[in-house]
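One structure below.
The values are calculated or read from the model by the stated rules, or taken from the named source; none is laboratory data. Predicted model only: the values in this text are computed from it and were never measured. Positions of Cβ are generated from backbone atoms using ideal geometry, with glycine treated the same way; all protein chains shown enter the neighbour counts. Ligands, DNA and RNA are excluded from the accessible area calculation, which covers all protein heavy atoms including side chains. Shrake-Rupley method; radii C 1.70, N 1.55, O 1.52, S 1.80 Å.
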Amino acid sequence: MKLNFSKKEYAALLEMLYMADWVLHAHSEEKGESTEEYRLLMQKALEAAKDFNLEEAVGRDDRTGEYYLTRRFGEEGRPMQEIERFENYTFWAELVHRLGRRDFIRLYGEERIKQMNLEERYQTESEMQVRYDEEFAQYGLERLEIMKAAKSSNEQ
C-alpha cells in the first residue's frame, strides 16, 4: 500500500509523531523494546522529510544514524503547545480525581464502598471531586499545603 501526502499533511504527520513519541518516552531514560516497533516506524517517516523539502524539520545523529525532529519543529512548535495543553488538563483532572478518591475511601471505607451499587458509588465519589474542582478553579494551588506529620515518641 502506498500513501500520498501533501507537504502540509506530511508536516502534520511529523507533529503527530512527535507528540506520540513524547507520550511514549518523555518520562523514561531509554527507549525500550516495547516501543521498538513505533521507533522504527517513526524513523521510516522521518527519513522521508527530504522528499517533502522539510529537511529543516529533521536532523540525523552522526553517531547512531537515527533521525530526529529538530528542536524548532518539535519543542518550539505546535506539538509542544499541544502537549503542554494536554499535560495541564491532565494534571488538574488527575489531582481532582485522586484527592476525591482518597477522601471517598477515607469517609466511607472500602467495605462500605463495595456494598454500594455502581451508580451510588459514582455519584458519591463525584460529589467528593466537585469540592476539589471548585477549589482549584478558584484558587489553583494557592491553598494546597502538605501537613507535617506529628512526631512519634521515638523521634523526639
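Observations on the model:
- Region 1-90: relative contact order in percent, alpha carbon pairs under 8 Å with at least 6 residues between: 30
- Net charge of the neighbourhood of residue 7, taken over other residues with C-beta under 15 Å away and scored Lys/Arg +1, Asp/Glu -1, is -3.
- Ordered from largest to smallest accessible area (heavy atoms of protein chains, 1.4 Å probe), the residues 141, 118 come out as 118, 141.
- Centroid-to-centroid separation of region 110-130 and region 1-75 [C-alpha atoms, Å]: 44
- Between helix 7-25 and the chain: long-axis angle, C-alpha atoms, 0 to 90°, nearest 10: 40
- Whole-number accessible area per residue in Å² for region 30-156, which is evaluated in the context of all protein chains at 1.4 Å: 82
- Here region 42-156 is treated with +1 on each Lys and Arg Cβ and -1 on each Asp and Glu Cβ, and its dipole about the Cα centre works out to around 360 debye.
- Qualifying GluC sites (Glu not before Pro) for region 1-71 [loop in DSSP, other Cβ within 10 Å: at most 10]: 29, 30
- Computed with every protein chain present, the accessible area of residue 51 is close to 120 Å² [probe 1.4 Å].
- Each stretch of four or more DSSP H residues adds -39500 (n - 2.57); spread over every residue of the chain, this sum gives -20500 deg cm²/dmol at 222 nm.
- Modelled label reach - residue 36, point 7 Å along Cα→Cβ, region 48-82 residues with backbone N closer than 15 Å: none
- Coil-residue trypsin sites (Lys or Arg not before Pro) of region 53-156, DSSP, other Cβ within 10 Å capped at 12: 63, 71, 72, 143, 148, 151
- Given R0 = 30 Å, the distance between the Cβ atoms of residue 12 and residue 107 translates into a calculated FRET efficiency of 0.05.
- Considering only alpha-carbon pairs that sit under 8 angstrom and 6 or more positions apart, the relative contact order computed for the chain is 17 percent.
- Of the solvent-accessible surface of the chain, computed with a 1.4 Å probe over protein heavy atoms with every protein chain present, carbon and sulfur atoms account for 50 percent.
- Among (i) 8.1; (ii) 9.5; (iii) 17.4, the entry derived from the coordinates for mean projected area of the Cα convex hull in nm²: (iii)
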